[in-house]
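Report on one structure; see the data block that follows.
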């Protein structure tokens, strides 16, 4: 059984159909890259899986715990306790980091373990320092977010997500708010996590990264999954015309900028 | 300055401070509740709250104080004591203004802060108290400081229901002694108290200056 199972997810914003029946599985230890043009529903899909949006219909389960299901056309979410359990199994890294500006780097990381998991503060601190050194940011523990570069902030936000020991980590365009020079340091961190067999689902526009790191790629367009398969098949020798067009245009735009 | 005048100015200054602190302590939390009510998605709650704020902000505080003191007698057949009426009047008036300041402060916090709190497993309550509110407080300190300085001066309005605060004591001393000096002293008292208020807020702002 896959770690994340989503069946026929539909989601509307008013009259706009954003997700038109998405089904996907993510196995444990797998890195899934989600690509596709803007407005294709990639981020919305991620936000549904991390409970920041509710689905209109369909089924989702994470780590064998059911999050939502649909019976007779009515979508029902699991009881709050189950949803909280799922929330703790899933971590999300935002495009714009969303660090807490009034907390030091260290406290950004320890706050949830201490107050959500009730971990002893000393233990949380040690864990945070370990994660920071993993992110090569040990010396920044006492800094405040505004004192860090974008790339450093994003690495802190990854450490913050990892501090809760999530079973799966979602990334919503983690490098899109960064200078091209800073993109590499984030991609390296994700690559390292992949090596440690962290289950990850990454919405990205970094095609080279998707090809190198992902075990599987899905291509989304206008609220549907058009293609789901090996990175080489989709990114190197795509058969679908829509994907070909996207990759061509994408290549040109990258060339121009 | 005669010892009698000095004595009455001192006790009226205490009264002023008491009105100030009681109003602050009561209307700061009440204002937060009012702000929540106003921001509620339920029109049945938010619209009446909005109307209450409209009345509080749209009519003179001096009339509101008279209303709180005199109206209950005609409507319910009982009256508050002068001082109680004064505190009630100030509290419901200032809560309406504070609510607007809170509302602005809360609206200025990016949605991402709530979402980050949520995905980290914080409850709504924890997210608000640990993540949102501290940032709101930093943002609203300047307008709050202004409001507190206004409150110090507004205590003079309590004279209309004969609460013996600084302005009332000074103006009756002035008419008794055919001298304007008591009013000058009153002005100095208001200024000195607001000097302290301004100083405190400046200090608090400096304290929260450690992040952006």
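Details
- Shielding score for B:166-174, defined as the mean number of other chain Cβ atoms within 10 Å: 0
- Alpha-carbon geometry of the stretch B:92-212: the Rg and the Dmax are 20.4, 70 Å, given in that order.
- Axis angle, to the nearest 10 degrees, between helix B:3-39 and the longest C-alpha principal axis of chain B: 20 degrees.
- Projected label points at residue A:192 and residue B:198, each 7 Å from Cα along the beta carbon direction, are separated by 5.2 nanometres.
- If you bin all the Cα-Cα distances of the stretch A:115-181 at 5 Å, starting from zero, the percentages per bin are 3, 15, 26, 23, 20, 9, 3, 1.
- Relative contact order (%) - criterion: Cα under 8 Å, at least six apart; region: chain B: 26 percent
- From the Kirkwood radius over Cα pairs of the stretch A:1-149, Stokes-Einstein at 25 °C and 0.890 mPa s returns a whole-number translational diffusion coefficient of 140 µm²/s.
- Shielding by other protein chains, A:92-103, mean Cβ within 10 Å: 5
- Distance between modelled label sites at residue B:18 and residue B:162, nm, 7 Å Cα→Cβ extension: 1.7 nm
- Relative contact order (percent, whole number), chain A, Cα cutoff 8 Å, 6+ residue spacing: 25 percent
- Packing, taken as the mean count of other beta carbons within 10 Å per residue, orders the peptides B:45-53, A:149-157 from highest to lowest as A:149-157, B:45-53.
- Potential lengthening between residue B:177 and residue B:208 on full extension [0.36 nm per residue; Cα-Cα distance subtracted]: 6.3 nm
- Shielding value for B:104-117 is 3, the average number of Cβ atoms from other chains within 10 Å of each residue's Cβ.
- Over chain A, the hull volume per residue, using the convex hull of the C-alpha atoms, is 138 Å³.
- Sorted peptide list for A:124-130, B:197-203, criterion being average Cβ within 10 angstrom, highest first: A:124-130, B:197-203
- Inverting the pair-averaged 1/r between distinct Cα atoms of the protein assembly as shown gives 26.3 Å as its Kirkwood hydrodynamic radius.
- Divide the volume of the convex hull around the Cα atoms of the stretch B:3-211 by the residue count and you get 140 Å³ per residue.
Values in this text are rule-based calculations from the coordinates and carry no lab data. Computed from a prediction, not measured in an experiment: that's the story for all the values here. Because the Cβ atoms are built from the backbone with ideal geometry, glycine has one as well, and the counts that use them run over all protein chains shown.
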